[in-house]
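Here's the structure, in structure tokens; my notes come after.
The values are calculated or read from the model by the stated rules, or taken from the named source; none is laboratory data. What you are looking at is a predicted structure, and each value in this text was computed from that prediction instead of being measured. Cβ atoms come from the backbone with ideal geometry, glycine included; neighbour counts cover every protein chain shown.
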């Protein structure tokens, strides 16, 4: 009797994705994207791990490893990007530098070898409104023109220095509400978002009223600001570790140190309220370490009042959600995931020790 052949369809990898937040998915990897399970897999992974779509550094500066105020060195920035992926960072929002080094990283390093990167180009400031000889100095009346040109040179973001200390005055806001509205409109016209450095008392509220997409630091946000940000899916990157580092440099008893301490106390009060208001609270390193160290900021956000669930969200799903990406391993989405041997909701320090990193279907 003639035997009949049985045809078996094999896929290369099948992944069990058990989220710390409660969802569970089984996905195949097909051409670097998540797919419904089909056929028989040659390799199955993830059954005893916890999975997130990746860690997110929402305030990175890949061009440098420290606040050195020098032009970026491309080969060093490339390595920092690769190191970040090895640490489980699959998405970075780079908030600019004095040059376009990070845009060059995007161009020269395959996305399978680095995180997905959205980046600003040069940081835009006004005369005496930022570190000397750093970034791009403009006249406020010309903000729309320069925002458009920098957005075209960048990869999805424009960064504004919204305020800066002046001798005898303390932090002073660099742009008024109308100028910021023009900046937002100019950026959106070329599919970019605006982020703003906001450490002065008035800057966050002015920026929120103008529609700025992401508030960096945001020490003096108000309840009303949070409601407005939440209503429009806005972002807040508190950078607590960076603010603490500045206080350490200035001294806690200096006028600047006292102001920042007051702002941090305000941050402590507002963090849980921000989540309730629907704000996308995000973790960002801002040169306290490199993007590979972003788990430390999530831990600090938890210590500042975010629940452990919300702190984990801030360094994982929130960044995907805020930028319209899939946050739950959606079918057809890029096959990116980071697997941990322990549940990060038992201890956020688990985030420092990924067991497996998957980028565009490549299991590292």
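Every residue, every condition in (1) within 22 Å of residue 213 (Cα to Cα); (2) touching a helix residue (DSSP H, G or I) at 6+ places or on another chain (Cβ under 9 Å); (3) surrounded by 22 or more Cβ atoms within 10 Å (Cβ to Cβ), yes or no:
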position	(1), (2), (3)
274	yes, yes, yes
295	no, yes, yes
306	yes, yes, yes
319	yes, no, yes
322	yes, no, yes
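Yes or no: the range 136-150 includes at least one residue that is within 20 Å of the chain's Cα centre (by Cα) and at pLDDT 95 or above. The answer is yes; a qualifying residue exists.
Here is a yes/no grid of residues against (1) out of contact with any strand residue (DSSP E or B) (no Cβ under 8 Å at 6 or more places or on another chain); (2) within 30 Å of residue 158 (Cα to Cα); (3) buried (at least 22 other Cβ atoms within 10 Å of the Cβ):
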| position | (1), (2), (3) |
| --- | --- |
| 22 | yes, no, no |
| 26 | no, no, no |
| 35 | no, no, no |
| 67 | yes, yes, no |
| 74 | yes, yes, no |
| 79 | yes, yes, no |
| 91 | no, yes, yes |
| 95 | no, yes, yes |
| 101 | yes, yes, yes |
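Scanning the range 292-324 for residues that are under 16 Å from the mean Cα position of the chain (by Cα) and either on the phi > 0 side of the Ramachandran plot or not in a helix (DSSP H, G or I) (or both) turns up 315, 316, 323, 324. Listed here are the strands (runs of 3 or more DSSP E) enclosed by the range 163-234 that have at least 3 residues being crowded, with 24+ Cβ neighbours inside 10 Å: 193-198, 214-217. Meeting the requirement of 1 or more residues that are in the same structural domain as residue 214 (by TED's automatic domain parsing) and within 29 Å of residue 28 (Cβ to Cβ), the helices (runs of 4 or more DSSP H) wholly within the range 39-155 are 74-86, 101-108.
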